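To start, the structure under review is shown below, and the notes come after it.
The values are calculated or read from the model by the stated rules, or taken from the named source; none is laboratory data. Predicted model only: the values in this text are computed from it and were never measured. We place every Cβ from the backbone using ideal geometry, glycine too, and count neighbours over all the protein chains shown.
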Amino acid sequence: MANRSQAPAARSHGSTTAPVLQGDWLTRGVEGRFSAYLPRDGEVVRWTEEPDGRWSRPVSLGGDGLTPFLAVGQGPDRYVHLVALRPAAGEDEHVEVVHSVQFQTGRPAVAWRPIGHSNGKGPWTGNPAVAVDAQGRAHVFMRNGGGGVSVRAQKDAGGWHPWWDLLGSKTDPSPVALTNGSGLVELYSSHAKGLVRYVQREAGAKPLREELVPASVTMGTLAATTGPSGHATLFYLDQDGRVCAWSPERSLEPTPLGDAAGTGRLAVTRCLVDGSEHTVLAQQSADGRLALAAYPSEREADGIQWSETGDARGDLDAVLTRGLDGRLVAMALVGGTSLITTRQKAADALLLDGWRSIG
């Protein structure tokens, strides 16, 4: 049997031309309109929902030779932080992390600026993750050459702190970052022997690594969301193909919720179903369709049951979010090239409209 702790294999910047997406690459502006972002042909392109519900044509946000990787994070001010990788000038096989910000829906983003590499300089060591704290400061996490995690955070008055080494070893190349209900940043990763969390205990502080929690984890399947209590919950696949949840601040030990729909990465958000907060998980099913499962938020004892939607479409990379009305909005990258989207029909049931293409 294959070692599922290393599968699915992490895609590096040099292993594929298919886009690799991390974080909230479908965002919602202050006015409620959505934007979608995708790395393509060395740059990032963006689609914007128009006031009439139609989507714009793709608009270039530049990038000057980016690799096909993009991480997206959004703060309480709704500013969208874009983090990508670019080959380092004059350094064969080396990459640097670059950052840009979009301040308003549909408006141009600021110029891409390099913020270095977790090892000063070096090759691809992992896919960055970004989270934005309550003060609007971006925190960019990246696995370093030693297999641990490093972070670079924005300062209050502009600029960036140096890279901080948060320690660790043999961590997942694709960790998950988010902001909890207190506006503090957390990062979740996995290890061959379990799960590990890095968490801020006060605003602006260096995140601290906590003790590893023994668990059976399939690397590359992590997803996380903040629940109504303000505490984060991590979701992942164990090596037996089950979806599991872990929420340290709620004293929830790694807990199986039910069998997975497929083998790939999970997506998660919260939305309203029957007037109450539900946590919704998505994963591509074994037959190539998108499967959804929902349960009342922070009631993991209820377990999950999957329901498939739409047609089989090949490789899907899904992202979930919610509209101003609390309803679910889903988007999927199909075959690494085209985007499709759907919405929840009504808040009293998790029924979706038909998928439609935006580009």
Margin query: Tally up the residues in the stretch 71-86 that are within 15 Å of THR125 (Cα to Cα) and surrounded by fewer than 19 Cβ atoms within 10 Å (Cβ to Cβ), please.
Written below: 0
Notebook entry, point to check: Which ones in the stretch 14-26 are closer than 14 Å to LEU339 by Cα and over 15 Å from the mean Cα position of the chain (by Cα)?
Noted result: ALA18
Next item on the list: Return yes or no: is VAL334 closer than 30 Å to SER251 by Cα and either surrounded by 14 or more Cβ atoms within 10 Å (Cβ to Cβ) or of a type in the set (D, E, K, R) (or both)?
Entry: no
Checklist line | Failed condition for ALA111, given (1) under 20 Å from the mean Cα position of the chain (by Cα); (2) part of a loop (DSSP other than H, G, I, E, B); (3) among the hydrophobic types (A, V, I, L, M, F, W, C) | finding: (1)
Next item on the list: Name every residue in the stretch 27-54 that is acidic (Asp, Glu) and either under 12 Å from LEU70 (Cβ atoms) or within 18 Å of the chain's Cα centre (by Cα) (or both), in order of residue number.
Entry: GLU43
Next item on the list: Output the number of residues of the stretch 311-320 satisfying the condition of being closer than 22 Å to VAL176 by Cβ and assigned to a loop (DSSP other than H, G, I, E, B).
Entry: 1
Next item on the list: Might you check whether a residue that is assigned to a loop (DSSP other than H, G, I, E, B) and surrounded by 21 or more Cβ atoms within 10 Å (Cβ to Cβ) occurs anywhere in the stretch 242-256?
Entry: no
Checklist line | Number of positions in the stretch 247-275 that are basic (Lys, Arg) and touching a Lys or Arg at 6+ places or on another chain (Cβ under 8 Å) | finding: 1
Margin query: Quick test for you: out of ARG270, ARG322, pick the one residue that is of a type in the set (D, E, K, R), buried (at least 19 other Cβ atoms within 10 Å of the Cβ) and under 20 Å from the mean Cα position of the chain (by Cα).
Written below: ARG270
Next item on the list: Being under 22 Å from THR221 (Cα atoms), assigned to a loop (DSSP other than H, G, I, E, B), in contact (Cβ under 8 Å) with a residue 40 or more places away in the chain and out of contact with any Phe, Trp or Tyr (no Cβ under 8 Å at 6 or more places or on another chain) is the filter here, so list the residues in the stretch 115-147 that pass it.
Entry: TRP124, THR125, GLY126
Next item on the list: Mind telling me which of the residues ARG86, ARG46, ARG57 ends up being modelled with pLDDT of 95 or more and in a loop (DSSP other than H, G, I, E, B)?
Entry: ARG57
Item checked: Filter pass, GLU308 being outside any loop (DSSP other than H, G, I, E, B) and of a type in the set (D, E, K, R) -> yes
Note to self: Being of a type in the set (Ser, Thr, Tyr), within 18 Å of SER247 (Cβ to Cβ) and not in a strand (DSSP E or B) is the filter here; which residues of the stretch 169-188 pass it?
What the structure shows: SER182
Notebook entry, point to check: Of all residues in the stretch 342-352 being in contact (Cβ under 8 Å) with a residue 24 or more places away in the chain and surrounded by fewer than 21 Cβ atoms within 10 Å (Cβ to Cβ), which is farthest from ALA294 (Cα to Cα)?
Noted result: THR342
Checklist line | Complete set of residues in the stretch 289-346 that are farther than 30 Å from PRO68 by Cα and charged (D, E, K, R) | finding: GLU298, ARG299, GLU300, ASP302, ASP325, ARG327, LYS345
Notebook entry, point to check: If we keep just the residues of the stretch 94-114 that are over 30 Å from GLY53 (Cα atoms) and in contact (Cβ under 8 Å) with a residue 40 or more places away in the chain, which is surrounded by the fewest Cβ atoms within 10 Å (Cβ to Cβ)?
Noted result: VAL97
Notebook entry, point to check: Looking at (1) in a loop (DSSP other than H, G, I, E, B); (2) touching a Lys or Arg at 6+ places or on another chain (Cβ under 9 Å); (3) surrounded by 13 or more Cβ atoms within 10 Å (Cβ to Cβ), which is the one condition that is false for GLY62?
Noted result: (2)
Next item on the list: Of the numbered conditions (1) polar (S, T, N, Q); (2) under 26 Å from VAL30 (Cβ atoms); (3) crowded, with 21+ Cβ neighbours inside 10 Å, THR226 fails exactly one; give the number of that condition.
Entry: (3)
Item checked: Selection within the stretch 153-183 - aliphatic (A, V, I, L, M) and either closer than 24 Å to LEU21 by Cβ or crowded, with 22+ Cβ neighbours inside 10 Å (or both) -> ALA153, LEU166, VAL176, ALA177, LEU178
Notebook entry, point to check: List, please: which pairs have Cβ atoms under 7 Å, are six or more places apart or on different chains, and start with a residue in the stretch 267-291 that is of a type in the set (Asp, Glu) and end with one that is surrounded by 21 or more Cβ atoms within 10 Å (Cβ to Cβ)?
Noted result: GLU277/ARG270
